Amino acid sequence: METFQSCLTLWDSGTLSTNASFTKLFDKSGKFTYHCAIHPGMTGSVTVRTADQTRIKIGKDIITANPKRLPITLNLSGKDPNKVYLGSYIVNAQGGCVDCHSCPSYAAGHNPYLGEPKQFNAPVYLAGGKAFGPFTSANLTPDNTGKPAGVTLAQFKNLMRTGADPHVPGNTLQVMPWPVYGMMSDSDLESVYTYLSSIPKVTTQPLPAACP
Ligand code: HEC
């Protein structure tokens with residue numbers, strides 16, 4: 001028989017018989033430690049995260065946890081890390097940007113489509129170069145001034161919302177799923193932009209022939 005008590009006395013399971021269970025619903029995020037009142041050495045903790053905290057953690061783990069899905073070093077200088085990692089989540093776990101903007105998308109020996117353990121192709125990560133008929137995906141990595149794809153935040157939001165080509169006035173981007181991405185909230189788009197500002201710069205865009 002055990003009885004589990006929260007260290008902050010938020011809950012007390014009472015005495016539990018073998019195989020009995022105890023449920024506690026959390027309405028706040030945080031780390032909650034507990035111990036057994038009979039065997040004080042038996043301790044544990046429960047971590048409760050908000051939806052955004054969960055997305056931020058996954059976005060960070062993609063780059064920093066093992067196995068590394070994306071072995072790059074981010075430039076966090078002057079940036080809110082939470083925004084960067086949320087952007088990582090949106091780009092890497094939801095947006096599928098890598099499918100069109102990295103060529104080839106996966107590192108040698110790490111192509112999940114071949115049953116290999118997944119790892120993005122870090123040296124050409126988001127450097128573009130994939131051909132879609134007459135169109136080639138753009139290099140999204142930061143330019144010399146740190147602007148991803150050489151665009152300002154205002155240009156970025158505008159192209160994601162309206163498809164307006166930032167380099168050719170009057171032209172509309174034809175391949176980019178901007179009609180979908182454009183429905184993101186302002187703050188999500190800002191997180192994507194902040195993340196793209198923090199990834200390593202790749203100067204040489206791969207040739208379309210390099211893509212499978
Ligand atoms: C289906 C393929 C595809 C996907 C998915 C995709 N893109 Fe693109 N993107 C392109 C292509 C191709 C271009 C070049 C312009 C065009 O659409 O013809 C482009 C252009 C861009 C540009 C304009 C850059 C410039 O210099 O003109 C930005 C910024 C961009 N993409 C960001 C993203 C982001 C961020 C994501 C993920 C959230 C993403 N793209 C997902 C295919 C894609």
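Sorted fewest first by neighbouring Cβ atoms within 10 angstrom, 168, 175 come out as 168, 175. Each stretch of four or more DSSP H residues adds -39500 (n - 2.57); spread over every residue of the chain, this sum gives -7000 deg cm²/dmol at 222 nm. When a/c reaches 1.5 or more, the comparison of a/b and b/c decides; with that in mind, is region 82-203 rounded, prolate or oblate per its Cα gyration tensor? The shape class here is prolate. Once backbone amide H atoms are built at 1.01 Å from N, residue 16 has 2, 3 as its partners under 5 Å, excluding neighbours fewer than 5 places away on the same chain. Shape class of the chain from the Cα gyration tensor (axes a ≥ b ≥ c, square roots of the eigenvalues): prolate, since a/c reaches 1.5 or more and a/b is larger than b/c. Just checking the listed ones, 105, 29, 45: in the Gaussian network model of the chain with Cα springs under 10 Å, the one fluctuating most is 45.
A simple rule links phi to the HN-Hα coupling: the Karplus curve 6.51 cos²θ - 1.76 cosθ + 1.60 with θ = phi - 60°, which for region 66-81 gives 9, x, 6, 7, 8, x, 10, 9, 8, 9, 8, 4, x, 10, 7, x Hz, with x for Gly and Pro.
Each Lys and Arg contributes +1 and each Asp and Glu -1, all at the Cβ; summed about the Cα centre of the chain, the dipole is approximately 220 debye. Exposure proxy for 36, 97, 103: other Cβ atoms within 10 Å of each Cβ, ordered fewest to most, give 36, 97, 103. Summary of the geometry: region 147-212 and region 130-144, compared by the centres of their Cα atoms, lie 9 Å apart.
As a proxy for reagent exposure, 101, 35 were ordered by neighbouring Cβ count within 10 angstrom, fewest first; the result is 35, 101. Our coupling estimate for region 60-65, obtained by passing each phi through the Karplus curve with A = 6.51, B = -1.76, C = 1.60 and θ = phi - 60°, is 6, 4, 4, 9, 10, 8 Hz, Gly and Pro reported as x.
Relative contact order of region 51-210: 27 percent, from C-alpha pairs under 8 Å at least 6 residues apart in sequence. Per-residue Karplus couplings for region 135-148, computed as 6.51 cos²θ - 1.76 cosθ + 1.60 with θ equal to phi - 60°, are listed in order as 9, 10, 5, 7, 6, 8, 6, x, 7, 4, 9, x, 8, x Hz, Gly and Pro entered as x.
Each value in this text was obtained by applying a stated rule to the coordinates, not by laboratory testing. Small disclaimer: the values here were computed from a predicted structure and weren't measured. Every residue, glycine as well, gets a Cβ built from its backbone with ideal geometry; the counts of neighbours run over all protein chains shown.
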